[in-house]
Amino acid sequence: MSKKRVTIAVLSISIIYMLIIGGTLAYFTERDAVVNTFAAQSIDIIIAEPNWDPDNGVDMRPGYTIMKDPTVTCTLNKSFMRAVVEIIDMEETIPNPAYTAGGTEPKTIANPDFRKRITDPDRLALILSTMRYDPDYNAEGSPITPNIDITKGYTMEQASQFNTYNIDSFIKDNLKSGAGIYYYTYLTIFNEGDSAVLFSNIIIPSDWDSQKIAKAGKFRIDVYAQAIQVDGFASPAEAFAVYDDLDST
C-alpha cells in the first residue's frame, strides 16, 4: 500500500486486569498513553469498566457470573477506533516434565512463558469462551443487564447463546488477530459522545470440570483501545494499516 501524506493523530489507551479461576483477582489497573500525536485537530477516547466491582473477582469458580464491561467513549472529535484484547499467561510455575515419584526433581519449574501471550489454542479457546456480551447491555453503564443474570450460573451451552463480543458495534479482524491477541474494529466512525462496550460479562460455565479449570489456569486479559483520525482515510481498514505502520517504526 502506498503511504499517504496525511497528518496523523493516534491514540492508544488500555485497561488491564487479571483473572485467576479458583483463586483471587490479583489486580485491576488503568493506564493511558498517547503516542505519535501530530495533529492540528486532536482526538480523544477513554476506556473504563463502569460496572466492574473488584469484590466480584474473588475466587471465581464454575457457575460464577460477573459484570466485566470494557467500554470505550469518544470524548473529542471523531475517529476510527478498534479494541485489542491480549491474553497473558500468569502461571508462575508449570509441572516439571522430569519429575518422577520418589525422585529428586522438583514437581514444578519456573514457567518460561510467564507474563507472555498464551499460545496454546485449547487454553485460549477456554478463556475466550468466558467473555460474553449481553445484546441489551446499556453502554452508558446500566447496573443490571437484562439477559445475563449475574446472580445465576450458566452451563457452556447456555452461555453460548451470547456472543463473545459485541457484534453490533465491532468486527473481529481475523487476518491481524493471532494467538493470544485479538483485534476488534469499530464498524463505523466513532463520533464524539459515542460509547461502545466490547463485552459485558465473564461467565465461568457451571459444567466446567477440574480439567478445564486447571487448563484455563491463571491468566490476565489486557484490553486496549486505539483510535486514529478519520480525515485522510476512506475506511477503518485503511486508517489502521497506517496506524500499524507507524507503530512498527
(request) Determine, yes or no, whether P70 is on the phi < 0 side of the Ramachandran plot and surrounded by 11 or more Cβ atoms within 10 Å (Cβ to Cβ). (result) yes
(message) Could you tell me how many of the residues in the stretch 30-66 are under 23 Å from Y133 (Cβ atoms), of a type in the set (F, W, Y) and at pLDDT below 90?
(response) 1
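Determine if the stretch 219-238 includes at least one residue that is closer than 25 Å to R115 by Cα, in contact with a strand residue (DSSP E or B) (Cβ under 9 Å, 6 or more places away or on another chain) and β-branched (V, I, T).
Taking the stretch 219-238 and keeping what is closer than 25 Å to R115 by Cα, we get 219-226.
With the extra rule that they be in contact with a strand residue (DSSP E or B) (Cβ under 9 Å, 6 or more places away or on another chain), the set shrinks to 219-226.
Imposing the further condition that a residue be β-branched (V, I, T) reduces the set to 221, 223.
Yes: the stretch 219-238 contains one or more residues that are closer than 25 Å to R115 by Cα, in contact with a strand residue (DSSP E or B) (Cβ under 9 Å, 6 or more places away or on another chain) and β-branched (V, I, T).
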(request) Go through (1) in contact with a Lys or Arg (Cβ under 8 Å, 6 or more places away or on another chain); (2) surrounded by fewer than 21 Cβ atoms within 10 Å (Cβ to Cβ); (3) at pLDDT 90 or above; (4) outside any loop (DSSP other than H, G, I, E, B) one by one and return the number of the condition Y183 breaks. (result) (2)
(request) Just give me the residues in the stretch 193-218 being among the aliphatic types (A, V, I, L, M) and more than 24 Å from K116 (Cα to Cα), in sequence order. (result) A196, V197
(message) Condition first: surrounded by 15 or more Cβ atoms within 10 Å (Cβ to Cβ), in contact with a strand residue (DSSP E or B) (Cβ under 7 Å, 6 or more places away or on another chain) and polar (S, T, N, Q). Can you find one or more residues in the stretch 86-106 that meet it?
(response) no
(message) Exactly one of these conditions fails for I203: (1) more than 25 Å from S42 (Cβ to Cβ); (2) among the aliphatic types (A, V, I, L, M); (3) in contact with a Pro (Cβ under 6 Å, 6 or more places away or on another chain). Give me its number.
(response) (3)
(message) Any residue at all in the stretch 204-217 that's under 25 Å from D89 (Cβ atoms), touching a residue at least 60 places away in the same chain (Cβ under 8 Å) and in a strand (DSSP E or B)?
(response) yes
(request) Return yes when T151 is in a loop (DSSP other than H, G, I, E, B) and in contact with a Leu (Cβ under 7 Å, 6 or more places away or on another chain) and no when it is not. (result) no
(request) All but one of (1) buried (at least 22 other Cβ atoms within 10 Å of the Cβ); (2) farther than 23 Å from S195 by Cα; (3) over 18 Å from the mean Cα position of the chain (by Cα) hold for S79, so report the exception by its number. (result) (2)
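The values are calculated or read from the model by the stated rules, or taken from the named source; none is laboratory data. Just so you know, these numbers come straight off a predicted model, no measurement behind them. Note: ideal-geometry Cβ built from the backbone for every residue, glycine included; neighbour counts use all protein chains shown.
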